[in-house]
Amino acid sequence: MPKQLPRFEGRNTLLSTLSLEDQALISPYTSKVSLHRGMILETPQRAVECLLFPTSGVVSVAVSSEHLMCTIETGLFGFEGMSGASVLLNAKVPSTYLYVRISGSAAKIDTTAYKGLVRESWTIQRHFLKFTQSLITQTAYNAYVSRFDNIERRLARLLLMCHDRVLSDRIDITHQLLSKILAVRRSGVTVATLALAGKGLIHAERGEIHIVDRSGLEKLVGNSYGPPEGEYNKLFKL
């Protein structure tokens, strides 16, 4: 069976799975911030001022092409992840956008403070880099699914991924936003949503989707969902 992400209610998994010593070191430098849908957390070629560790909500990773005049979303994360990959990898600036897709909250650490913490404890950096590895795995599967799965299966997988990251069976998301994330026409999302609802897997209302039968969604998507989540659990021994 696919392995979904374990839930640390109200907490960020990366911060919660640090050693007790590193948690004590990093805690005084964290503050709580709100994440509102539509917020742009990172922009290419602009230095990252802080690292964010979501405790709720969903953030997407995206690339934009001026030539093609489009934006493609390549990955997402919530309470299991963090922003600031360019800081972890010692790059001067990020190469992707980060958008808040589902509102929530996060723990915030200023970049300058984080760099000082890493000088005190190299195990903090090593711990957070594991998330980068898991996100690479997710991105690879996203590319595979986009190439070989139909819209209905892709939508089902996306809903499972969002369901992992919200502490409710109700997902606040619109057809318009789903079409952006999946890079398909809104009409295609509408047809796929009706198909999933017709199978009794979800219930759709204006601006939100209710998960009715999670196991049915997992059965529908098969191996397209699960391996990246299993990789994350393995990396963090969850």
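Simple rule: put +1 on each Lys or Arg Cβ and -1 on each Asp or Glu Cβ in the stretch 148-229, find the dipole, and look at L178, M161, P228; the Cα lying farthest toward the positive end is L178. Per-residue packing, averaged as other Cβ atoms within 10 Å, sorts the ranges 93-102, 133-142 into the order 93-102, 133-142, beginning with the highest. Using a Gaussian network model of the chain in which every pair of alpha carbons under 10 angstrom is joined by a spring, one finds that among V191, V166, V58 the greatest mean-square fluctuation is at V191.
List nothing, just return the count: lysine pairs in the chain, 8 or more apart or interchain, with Cα separation under 18 Å. Lysine pairs meeting the criterion: 10. Between the C-alpha center of the stretch 162-200 and that of the stretch 71-110 there is a gap of 22 Å.
Placing unit charges on the Cβ atoms only, positive for Lys and Arg and negative for Asp and Glu, gives the chain a dipole magnitude near 240 debye about its Cα centre. Cα extents for the chain along the principal axes, largest to smallest and rounded to whole angstrom: 55, 41, 29. How far is helix 122-148 tilted, in degrees, relative to the longest principal axis of the Cα atoms in the chain, given as a value from 0 to 90 rounded to the nearest 10? The helix 122-148 is inclined about 20 degrees to the chain. If I fit a long axis through the Cα atoms of helix 151-165 and take the longest principal axis of the Cα atoms of the chain, what angle between them do I get, 0 to 90°, rounded to 10? Its long axis makes an angle of about 40 degrees. Between helix 186-198 and the chain there is an angle of about 70 degrees, using the helix long axis and the longest principal axis of the Cα atoms.
On the basis of the beta-carbon distance and an R0 of 35 Å, T190 and V63 show a calculated FRET efficiency of 0.85.
Every number here is computed from the coordinates shown, using simple stated rules; none is lab data. The structure displayed is predicted, hence computed values, not measured ones. We place every Cβ from the backbone using ideal geometry, glycine too, and count neighbours over all the protein chains shown.
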